[in-house]
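Okay, structure first, notes after.
A short reminder: the numbers here are calculations on the coordinates, not readings from a lab. Small disclaimer: the values here were computed from a predicted structure and weren't measured. Positions of Cβ are backbone-derived with ideal geometry, glycine not excepted, and every protein chain shown enters the neighbour counts.
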Amino acid sequence: MNWGSAEAFWNMGGAATFVWGSYAVTLIVIVVELILLFQRRKNTVSRLLRLRRGRSARRQPANVSESP
Amino acid sequence: MTRSRFNIFRFAVPQNFYPLAGKLAPIFAVTAAVLFLAGLWISFFIAPTDAQQGEVYRVIFIHVPAAWMSMFIYLVMAFWSAVGLVFNTRLSAMMAHALAPTGAMFCFVALWTGALWGRPTWGAYWVWDARLTSQLLLLFLYFGYIALINAIDDPRRADKAGAILALVGAINVPIIYFSVKWWNTLHQGASVSLTKAPSMATTMLMGMLVMAFAAWAYTIAVTLWRVRSLILERERNAEWVNEELDRLEAAA
């Protein structure tokens, strides 16, 4: 075990800014990437569903006029 | 002609790869999370204080894996680009596209953590040294690649242009890797290499390797998830995507 106390751990031998600054920013960009990733999935699916509904809506009136 | 029961090339077809990616991604995501937590534990509680640098050296556990990953992802992108150009397979280009944002992310992390490590050890956040400059160029190559494929509307042309940029840019990767040997750099030489024993404590090396494997698993998971969105977009006129949308609509 390297650390006598919680303070010593957070203090990182005086290098807290550099060590925690590295780990925190890494964590943040990973979280941001994951959020963007799942947003993209949601956007793609909803866009494709919308496109499909648009297509079938356009087809609908044509079908009506064809049928007697 | 006899048909083999299992054929790896079956998964070059987007329709077959899509469900496989959906099954594999969560497995790799869980693996990444477990390895990451284990890596953090080793980094802070098992690896000893460095005799010369004190505690600040603990940045290494993300700096080195992120730097390795940023270079490796670019090479994998170049590989899929070459496969796409030669065999004209649709999925190869999609894989290259899906890898780029994660590569850029790791490249940024390597530069950021490097800057924060450089300040207390070298006295400067940034120097125009061969290693740092070529790594910065890698970040711009990632940005350039992403901008290029998004700027071209025709997907086939975007794939080709992106592939050429990925292949030409790949020359930069060995330059980054060997820059510390070829030029007199402020950045230190490799701590770990295939030809000689690593110049660090075993537990330090362990932490770095566990974090590197976590980065691998993370990259695979994220890329598979991203390629699934790309496949849906690209193949939206296929009947199987229509059926998949039925399923997703019913589940929503």
Exercise for review: Please work out whether chain B counts as rounded, prolate or oblate from its C-alpha gyration tensor, where a ≥ b ≥ c are the square roots of the eigenvalues and a/c under 1.5 means rounded, while otherwise a/b larger than b/c means prolate and anything else oblate?
Suggested key: prolate
Practice item. Go ahead and estimate [θ] at 222 nm for chain B from helices alone: -39,500 (n - 2.57) per DSSP H run with n ≥ 4, summed, over the residue count, rounded to 500. Key: -25500 deg cm²/dmol
Exercise for review: For helix B:14-41, report the angle its Cα long axis makes with the longest principal axis of the Cα atoms of chain B; keep it between 0 and 90° and round to the nearest 10°.
Suggested key: 20
Review point. Label-point separation (nm) for A:ALA8 and B:HIS187, each offset 7 Å from Cα along Cα-to-Cβ?
Key: 3.5
Point to revise | Nearest 10 degrees, 0 to 90: helix B:90-122 Cα axis against chain B principal axis | key: 10
Practice item. Return the whole-Å distance between the Cα centroid of region B:1-66 and the Cα centroid of region B:82-149. Key: 18
Check your understanding: Where does the longest stretch of chain B lie that holds no chymotrypsin sites (Phe, Trp or Tyr not before Pro) found in a DSSP loop with 10 or fewer other Cβ atoms within 10 Å?
Key -> B:129-252
Review point. Does region B:155-252 come out rounded, prolate or oblate by the C-alpha gyration tensor, with a ≥ b ≥ c the root eigenvalues, rounded set by a/c under 1.5 and, if not, prolate when a/b is larger than b/c and oblate if not?
Key: oblate
Revision key, fill the gap. Residue span B:PHE140 to B:GLU249: 0.36 nm per residue of separation minus Cα-Cα distance leaves a gain in nm of 35.3 nm
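Return the loop-located trypsin sites (Lys or Arg not before Pro) in region B:139-219 (DSSP other than H, G, I, E, B) with at most 13 other Cβ atoms within 10 Å of their own Cβ; answer none if there are none. Present the calculation step by step, with values, prior to reporting the outcome.
Values: sites: B:ARG156, B:ARG157, B:LYS160, B:LYS181, B:LYS196; in loops: B:LYS196.
Passing both the DSSP loop test and the Cβ count: B:LYS196.
Taking 51 Å as R0, compute the FRET efficiency from the Cβ-Cβ separation of A:ASN43 and B:GLN52 and round it to 0.05.
Details: r = 49 Å, r/R0 = 0.96.
The value I calculate is 0.55.
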Practice item. Mind giving me the FRET efficiency for B:ILE152 and A:THR17? R0 is 56 Å, r the Cβ-Cβ distance, nearest 0.05 is fine. Key: 0.85
Exercise for review: Name the lysines eligible as straight-distance cross-link partners of B:LYS196: C-alpha to C-alpha under 22 Å, and not fewer than 8 places from it in the same chain.
Suggested key: B:LYS181
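Charges at C-beta only: +1 for Lys and Arg, -1 for Asp and Glu. How large is the resulting dipole of region B:173-252 about its Cα centre, in Debye rounded to 20?
Details: 7 positive and 7 negative charges, 143 e Å.
Magnitude of the dipole: close to 680 debye.
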